[in-house]
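No value in this document is a laboratory result; all are computed from the given coordinates. Just so it is clear, the structure is predicted and the values come from calculations on it, not from any experiment. Here the Cβ positions follow ideal geometry from the backbone for every residue, glycine too, while neighbour counts run over all protein chains shown.
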Amino acid sequence: MSAGNSTLGWVPIVERPLDFVVIGAAKSGTTALYHQLRGHPGLYLPPAKEAPSFTKEDVYQRGWTAYLTEHFAAAPPDVLWGTVTPRYLGDLRVPARMHQQLPDARLIALLREPVARAFSKYRLLVRTGRETRPFPDVVDEQLQPAALERARTEHLPLAETIVVRGEYARLLDTYLDHYPREQLLVHLTEDFEAEPQAVIDSILTSWEWT
């Protein structure tokens, strides 16, 4: 436990791992999933949906105690702690970093049909002024062999990885290189939209959380 003094604005925090992490995928319904999980009395998720540690270099370098102090100072010690951070699925740095810090964490993936997910991401880029080309032109460029190779092996901006972030089998394998299969739970966005409570119940009961 880190020493703290509330009169100086410091908050004592228990040094502990997270119990679960929703690793993605982005644009797949993870915001709705976050709100559902955050409403469960046996779970604690930070007030801000995305609280990344392993993708932001400055946050990662500050260390785990600093991360917990920023995002989990208000977390009750007797509930399960977790985050919904969809950018984790697709960032090649994350699986090894996460396993080093959270070897026993339960991983949850919510996956949307890849083309629909890619188009949703493209529309976000257009709305925010980061993309002006037609969607087919963006896809054609990212499907070029050299572009695919770079996107699959290098850490690139999200706008350059619209296509490869839909390669779910490859991306999940990067986690399974570090975690046993039984620590990974996968659901489809279509199932979550059709029967949200069934998916939530599956998540909450998969590891006897309730």
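A few notes on this one:
- Test: residue in the stretch 87-103 that is of a type in the set (Asp, Glu) and touching an Asp or Glu at 6+ places or on another chain (Cβ under 8 Å): no
- All positions within the stretch 177-209 that are more than 23 Å from GLY42 (Cβ to Cβ), among the aliphatic types (A, V, I, L, M) and surrounded by fewer than 16 Cβ atoms within 10 Å (Cβ to Cβ): ALA194
- On inspection, THR161 does not qualify as more than 15 Å from PRO86 (Cβ to Cβ) and not aromatic (Phe, Trp, Tyr).
- Within the stretch 21-52, being among the charged types (D, E, K, R) and not in a loop (DSSP other than H, G, I, E, B) holds for one residue alone: ARG38.
- Of all residue pairs spaced 6 or more apart or on separate chains, those with beta-carbon atoms under 9 Å, a first member in the stretch 78-99 that is on the phi < 0 side of the Ramachandran plot and a second member that is assigned to a strand (DSSP E or B) and among the hydroxyl-bearing types (Ser, Thr, Tyr) are VAL79/TYR44; LEU80/TYR44; TRP81/TYR44; GLY82/TYR44.
- Complete set of residues in the stretch 54-73 that are part of a loop (DSSP other than H, G, I, E, B) and free of Cβ contacts under 8 Å to residues at least 40 places away in the same chain: THR55, LYS56, GLY63
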